[in-house]
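Single-structure report; data block below.
The values are calculated or read from the model by the stated rules, or taken from the named source; none is laboratory data. All figures in this text were calculated on a predicted structure; none of them were measured in a lab. Heads up, the Cβs are rebuilt from the backbone with ideal geometry, glycines too, and the neighbour counts pull from every protein chain shown. Note: accessible area is taken over every heavy atom of the protein model, side chains too, but ligands, DNA and RNA are not part of it. Shrake-Rupley method; radii C 1.70, N 1.55, O 1.52, S 1.80 Å.
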Amino acid sequence: MTLYIKKIGILGVILVLVQALLLGDIHLLGVATPLLYVYFVVQTPRNTPRWLIMVSCFLVGLLVDIFSSTLGMAAASMTLLAFIQPAILELYLHNADDKNFSPSVHTMGTEKYTAYVLFLTAIYCLSFFTLEAFSVKHWGIWFFSVLGSIFITVFPIVILSLVFSNTDGHYGRR
């Protein structure tokens, strides 16, 4: 478990740095931003303790908030996503017996994995941009921010899964 905690810690720091240093300044059409750190929640294995998911996602969100000046929106949205991720993962497993199951393109197949990522990313973007707008005064901008960010986030996450997950999908855990 200690090795796993170190691995997710390193992954979290890398994703935060990539977001803060590279992706934070990208605003496609002035509204859509890639939110690659959502991958941190997406790749969480099935048997990860709930407290670990919640705490680590909160910390990743807090670090994103600190570097991006988003005033707790990333921390709140990541914590929400961490809370619902195990239930969403179970929707896409359909009675998989492996308790150490890790979601990836290799373990779920491209279509299921993309749908899983799309669902989690949509929830995250809805939460994040609703907290950011805190009103529906400019609902057009909100809508395009959510929709655009979903689509420019899902593709890199699927690519990351293809590149960095093992064929058995266990990320070094047994």
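Quick rundown of the values:
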quantity	calculated
Calculated [θ] (222 nm, deg cm²/dmol) that DSSP helices of n ≥ 4 give over the chain, each run adding -39,500 (n - 2.57)	-22000 deg cm²/dmol
D (Stokes-Einstein, µm²/s), Kirkwood Cα radius, segment 71-161, 0.890 mPa s at 25 °C	173 µm²/s
Full-extension gain in nm, residue 87 to residue 115, via 0.36 nm per residue minus C-alpha separation	8.6 nm
Cα-based helix-to-principal-axis angle, 110-133 vs the chain, degrees rounded to 10	40 degrees
Area accessible to solvent at residue 138, 1.4 Å probe radius, in Å²	110 Å²
Translational D in µm²/s for the chain (Stokes-Einstein at 37 °C, 0.692 mPa s, Kirkwood Rh from C-alpha pairs)	203 µm²/s
Cβ-based net charge around residue 157, under 15 Å, with every Lys or Arg adding one and every Asp or Glu removing one	0
Selection from 144, 47, 26 lying farthest towards where the dipole of the chain points positive, charges on Cβ	47
Test item: Cα-centred dipole of the chain, Lys/Arg +1 and Asp/Glu -1 on Cβ, debye	340 debye
Calculated from backbone phi, Karplus (6.51, -1.76, 1.60) coupling profile of segment 146-153 in Hz, x at Gly/Pro	5, 5, x, 5, 4, 6, 8, 9
On Cα atoms only, tilt of 2-18 relative to the major axis of the chain in degrees	30 degrees
